[in-house]
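Written out below as structure tokens is the structure these notes cover.
The values are calculated or read from the model by the stated rules, or taken from the named source; none is laboratory data. All values reported here derive from a predicted model rather than from experimental measurement. Cβ coordinates were reconstructed from backbone atoms using ideal geometry, including for glycine residues, and neighbour counts include every protein chain displayed. Each accessible area value is taken on the protein alone, full model and side chains, heavy atoms only, with ligands, DNA and RNA left out. Shrake-Rupley method; radii C 1.70, N 1.55, O 1.52, S 1.80 Å.
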Amino acid sequence: MKNKWKKLGTATLLLSVLLAGCGSAKSSEAKHQSFSVMEQSDLLTTDSSQITDLTSFNMVNNTEEGLYRVAKGNKPVAALAEKVVKPTNNGKTYTFKLRKGLKWSNGDALTAQDFVYSWRRTVNPKTKAGYAYIMQNVKNASAISAGKMKPNKLGVKALNKRTLRVTLTHATPYFKYLMAFGTFFPQNKKAVEKYGSKYGTASKYMVYSGPFKMVGWTGTNMSWKLVKNNQYWDKKNVAVSKIPVKVVKDPNTALNLYQSGKLDDALLSGEQASQEKSNKAFVKYEQGQTAYLAMSFKKGKATANVNVRKAISLVVNRKTLTSKVLADGSTPATGFMPTSFVKNSKTGTDFTKDANVSEAVEYNVAKAKKYWQKGLKQTGKTKVNFELVVSDDDAQKKVAEAVQSTVEQNLPGATVTVRSLPTKGAQSAQLGGKFDMTVVRWIGDYTDPLTFAQLETTGNTYNYGSFSNKTYDKLVAATNGKDANNEQKRYEDFVKAEKLLMQQEAVVPLYQAVQTQLVNTKVKGIVYHPTGAPYDYKWAHVEK
């Protein structure tokens with residue numbers, strides 16, 4: 001997934017405070033509370049079977065809901081389900097009871113069958129769901145996705161209108177987090193069939209199960225609103241009646257909008273973060289996110305050569321990149337997995353230390369030139385022009401320019417052509433493998449190392465470079481299979497897999513991101529998650 005952030009406009013805030021009293025969701029004036037936010041990239045879809053980008057996940061996380069919701073402290077809590085349940089059958093069977101009287105925003109009853117329909121639709125190969133792989137632990141999901149079995153064989157069943165039974169192939173330690181992830185949300189079959197190919201392409205072609213509905217999104221415009229969903233089961237605890245959303249790709253524009261009272265939060269660039277860090281509205285969030293260069297492994301590409309990849313990695317000065325180019329608090333990446341994401345349960349050591357391959361992330365131009373010459377000789381080339389694809393937001397463009405500069409300055413015969421595209425175009429190029437290098441920022445979908453390790457397995461949708469290694473695949477498969485219930489063995493599998501990935505320079509880690517922004521101090525209760533969809537507005541409110 002991707003990046004984003006937000007401020008509370010003076011005019012909007014004053015109106016909210018005057019009308020909202022103390023900001024309690026139970027106040028008769030609570031319906032007047034409002035604050036505006038920004039997204040950094042375009043909204044592509046609200047169809048939970050088709051979502052792959054962060055903006056779309058953010059919006060769907062606030063307009064739809066699953067069995068669970070992740071609350072403050074990264075804790076899964078009951079949402080459409082009555083309670084967080086414990087699995088039976090050695091961790092392979094979950095039985096969920098839905099709350100009474102659940103409804104979609106259009107008044108339709110929301111039942112267990114809506115989950116069955118949604119999950120089957122996602123794993124059906126005809127849907128071409130980019131995130132279908134995340135359901136692989138549900139019984140028969142992989143076979144269905146491969147076209148070897150019919151969707152009705154998926155291990156999910158509605159026992160009655162309110163009871164859902166899920167059968168897994170094996171115990172899955174992180175399954176509770178998946179139940180709060182957008183791909184696992186229910187879908188209204190009647191709405192999907194009514195809107196057909198238009199489903200999820202505009203706000204009017206969608207029905208909603210979450211705390212908010214979306215209005216005013218045409219599918220291509222850069223602004224819309226989230227409005228309170230009065231059919232939502234927990235509407236009494238939703239204080240905000242309206243959240244205007246605006247896509248702002250340039251941080252200077254965002255800051256100007258914030259300062260003029262037209263936005264209620266603003267994502268900051270590095271220079272802005274340095275200037276605003278003493279501001280009471282300044283907020284810094286640590287993220288489970290790694291930014292990296294994905295390299296093409298396609299036959300004939302220079303980047304398919306390991307020595308070429310190593311040379312490129314060795315000329316990237318990650319300290320300069322984070323302190324001078326980004327300057328927003330981001331830190332140099334020490335591997336593919338971010339720091340403070342998982343620790344060795346026996347020793348307490350951070351995963352990145354146990355799995356560190358120092359050469360993979362060091363800055364050493366002399367060594368890089370040796371690898372470069374070796375790589376050129378092996379590929380039979382004397383000059384190479386690399387096409388570097390990035391999305392058109394400010395940070396990505398700055399990183400691309402820095403990579404372009406250092407490669408061209410330090411590797412004789414190398415040129416880099418940067419191709420900056422709107423989010424949808426960049427994503428299309430990445431998924432189609434139409435690049436030599438591309439800058440990717442991946443936020444973990446859930447709090448488990450598999451969310452990173454799985455990306456580089458053979459055939460994964462988001463294995464943009466098409467890296468393939470049988471040993472790596474076996475190690476990752478073991479963490480999600482035979483070693484799933486052995487915490488230490490599973491950890492060791494991840495360490496071995498990470499080391500192999502870095503030794504091959506299958507991806508070139510660049511930096512671990514942070515989110516710096518200004519958020520009006522009167523806006524309280526926004527829940528931020530370091531993984532998954534970061535921003536949850538359900539519990540937000542505006543104080544006096």
>> For a Förster distance of 22 Å, can you work out the FRET efficiency between the beta-carbons of residue 113 and residue 150, rounded to the nearest 0.05?
In response: 0.80
> Tell me, what is the FRET efficiency for residue 159 and residue 286 to the nearest 0.05, using R0 = 41 angstrom and their Cβ-Cβ distance as r?
Replying inline: 0.50
> Alpha carbon centre of region 109-179 versus region 465-490: separation in Å?
Replying inline: 22 Å
>> Just to verify a number: FRET efficiency for residue 253 and residue 106, C-beta to C-beta distance, R0 = 35 Å, to 0.05?
In response: 0.45
> ³J(HN,Hα) across region 238-255 via Karplus (A = 6.51, B = -1.76, C = 1.60, θ = phi - 60°), whole Hz, x for Gly/Pro?
Replying inline: 9, 7, 8, 9, 8, 10, x, 10, 10, 7, 10, 8, 9, x, 5, 5, 4, 5
> In nanometres, what is the gap between the two model label sites at residue 215 and residue 401, each 7 Å from Cα along Cα-to-Cβ?
Replying inline: 4.1 nm
> What aspartates and glutamates sit close enough to residue 148 to cross-link, taking a C-alpha to C-alpha distance under 17 Å and skipping anything fewer than 8 places away on the same chain?
Replying inline: none
> To the nearest 10 square angstrom, what accessible area does residue 387 show with a 1.4 Å probe?
Replying inline: 60 Å²
> Where the centroid of each part is defined by its Cα atoms, how far is region 276-345 from region 502-544 in Å?
Replying inline: 17 Å
> Spin-label point model (7 Å from Cα, Cβ direction): what's the residue 474 to residue 170 distance in nm?
Replying inline: 1.4 nm
>> Give me the percent of accessible area attributable to carbon and sulfur for region 448-512, probe 1.4 angstrom.
In response: 46 percent
>> Taking the 0 to 90 degree range and rounding to the nearest ten, how far is the long axis of helix 54-63 tilted relative to the main principal axis of the chain, both from C-alpha atoms?
In response: 10 degrees
> What spacing in nm lies between the two simple spin-label points modelled at residue 362 and residue 236, each 7 Å away from Cα in the Cβ direction?
Replying inline: 6.3 nm
> Ranked from highest to lowest mean number of other Cβ atoms within 10 Å per residue, what is the order of the peptides 323-335, 73-85?
Replying inline: 323-335, 73-85
> Rounded, prolate or oblate: which fits region 281-406, taking a ≥ b ≥ c as square roots of the Cα gyration tensor eigenvalues, rounded meaning a/c under 1.5, else prolate when a/b beats b/c?
Replying inline: oblate
> Rounded to the nearest 500 deg cm²/dmol, what is the calculated helix-only ellipticity per residue at 222 nm for the chain, with -39500 (n - 2.57) per DSSP H run of length n ≥ 4?
Replying inline: -8000 deg cm²/dmol
>> Quick check: Cα centre of region 210-225 to Cα centre of region 355-384, how many Å?
In response: 47 Å
> Too long at a 31 Å Cα-Cα cut-off: which of 434/538; 72/277; 75/242; 353/474; 310/353?
Replying inline: 434/538
>> Rounding to the nearest 10 and keeping the result within 0 to 90°, find how far the Cα-based axis of helix 487-503 lies from the longest principal axis of the chain.
In response: 50 degrees
>> What do you get for the angle between helix 365-379 and the principal long axis of the chain? Use alpha-carbon atoms, 0 to 90 degrees, nearest ten.
In response: 80 degrees
